[in-house]
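Report on one structure; see the data block that follows.
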Amino acid sequence: MWDNLRADFRRAHAHTSYRGAVRKTLHTLTSPGFQAVWSYRLTRWLMARHVPIVGAIIQRLTEVWTGISIPPETTVGQGLLIHHFGGIIINSAAVLGAECTLHHGITIGNRVSGGPSPILGDRVMVGAGAKVLGGIIIGSDAEIGANAIVLKSLPPGAVAVGMPARVVRIKAASQMVGPALVAAADAVAGERDG
Ligand SMILES: CC(C)(COP(=O)(O)OP(=O)(O)OC[C@H]1O[C@@H](n2cnc3c(N)ncnc32)[C@H](O)[C@@H]1OP(=O)(O)O)[C@@H](O)C(=O)NCCC(=O)NCCS
């Protein structure tokens, strides 16, 4: 938990626009996005130690306080950065790789109740208001535009916009790191979906 939290803090701290270590640190610690992330890490840690009731209470309070819902069952890699307050719902079966970035008003979940949820690779950016739905795989380094509705898998480095989302370009290889995670995610999805 601590390694993940340190990585989350470092990323949020590096992205604050304030100058000066004290102001940057205060801004990071009080930002709803970082608070939701550390609350998720804590509730996941509690869940693993069979303390579900305390975890559930903390999760509910966090949802009310930050407007961000990340259930402890969700798998989230190190260094998750959430900009701004609120409107973020992530399904418990979703998987987020390392160093993903979420803006406000995002849903990452299933298309029908009980259906599969998305797997996001590393360093995926999801723009404000976007919805990523169903048992799809979003390749590492992909960028999802504001208000996009993504219903199909995206290759690594894809920039996708619109409703339903379409790929407008693929980033140059120099702008990507480690698309291999997609293959790994594919394997996980294959296992999960039977
Ligand atoms: C998707 C995004 C990352 C693309 O950025 P980019 O790589 O610089 O791409 P461009 O601006 O060159 O846009 C490429 C094409 O997609 C279109 N486009 C870009 N973003 C779009 C969006 N959110 N919805 C619909 N179309 C979009 C552009 O109009 C352009 O179309 P054209 O080729 O027909 O002119 C960016 O536009 C975006 O939506 N970022 C999210 C930012 C965000 O959520 N901010 C919240 C701050 S609080």
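The values are calculated or read from the model by the stated rules, or taken from the named source; none is laboratory data. Being a predicted model, the structure only gives us computed values, none of them experimental. All Cβ positions, glycine included, derive from the backbone under ideal geometry; neighbour counts span all protein chains shown.
Points to keep in mind about this one:
- All positions within region 89-108 that are away from the ligand (no atom under 12 Å from the Cβ) and touching a Leu at 6+ places or on another chain (Cβ under 8 Å): Ile90, Ala94, Val95, Leu96, Gly97, Glu99, Cys100, Thr107, Ile108
- Qualifying positions in region 1-29 - within 22 Å of the chain's Cα centre (by Cα) and loosely packed, with under 13 Cβ neighbours inside 10 Å: Met1, Trp2, Asp3, Arg6, Ala14, Ser17
- Looking only at residues of region 41-100 that are touching a Ser or Thr at 6+ places or on another chain (Cβ under 6 Å) and assigned to a strand (DSSP E or B), we find that the one that is farthest from Thr30 (Cα to Cα) is Val95.
- Contacts under 8 angstrom Cβ, first residue in region 78-93 being closer than 20 Å to Ser113 by Cβ, partner away from the ligand (no atom under 16 Å from the Cβ) and of a type in the set (Phe, Trp, Tyr), 6 or more apart: none
- Considering region 159-169, the residues that are part of a strand (DSSP E or B) and within 8 Å of the ligand (Cβ to nearest atom) include one that is modelled with the lowest pLDDT, namely Arg169.
- Contacts under 8 angstrom Cβ, first residue in region 1-21 being more than 12 Å from Glu99 (Cα to Cα) and free of Cβ contacts under 8 Å to residues at least 60 places away in the same chain, partner basic (Lys, Arg) and assigned to a loop (DSSP other than H, G, I, E, B), 6 or more apart: none
- With respect to being within 16 Å of the ligand (Cβ to nearest atom), more than 15 Å from the chain's Cα centre (by Cα), of a type outside the set (S, T, N, Q) and assigned to a loop (DSSP other than H, G, I, E, B), Pro156 fits the description.
- Verdict on Glu63 being touching a residue at least 24 places away in the same chain (Cβ under 8 Å) and over 21 Å from Ala165 (Cβ atoms): no
- Subset of region 110-130 that is surrounded by fewer than 23 Cβ atoms within 10 Å (Cβ to Cβ) and either among the basic types (Lys, Arg) or within 12 Å of Ile149 (Cβ to Cβ) (or both) - its residue that is nearest to the ligand (Cβ to nearest atom): Gly127
- Hey, Gly33 surrounded by 16 or more Cβ atoms within 10 Å (Cβ to Cβ) and either within 16 Å of the ligand (Cβ to nearest atom) or not in a helix (DSSP H, G or I) (or both) or not: yes
- Residue match in region 137-144 (condition: assigned to a loop (DSSP other than H, G, I, E, B), within 14 Å of the ligand (Cβ to nearest atom), under 20 Å from Gln78 (Cα atoms) and not small (Gly, Ala, Ser)): yes
- Region 88-100, residues that are of a type in the set (S, T, N, Q) and surrounded by fewer than 20 Cβ atoms within 10 Å (Cβ to Cβ): Ser92
- Residue in region 40-47 that is among the aromatic types (Phe, Trp, Tyr), free of Cβ contacts under 8 Å to residues at least 60 places away in the same chain and buried (at least 18 other Cβ atoms within 10 Å of the Cβ) present: yes
- Every residue from region 90-117 that is under 12 Å from Ala130 (Cβ atoms) and of a type in the set (A, V, I, L, M): Leu102, Ile106, Ile108
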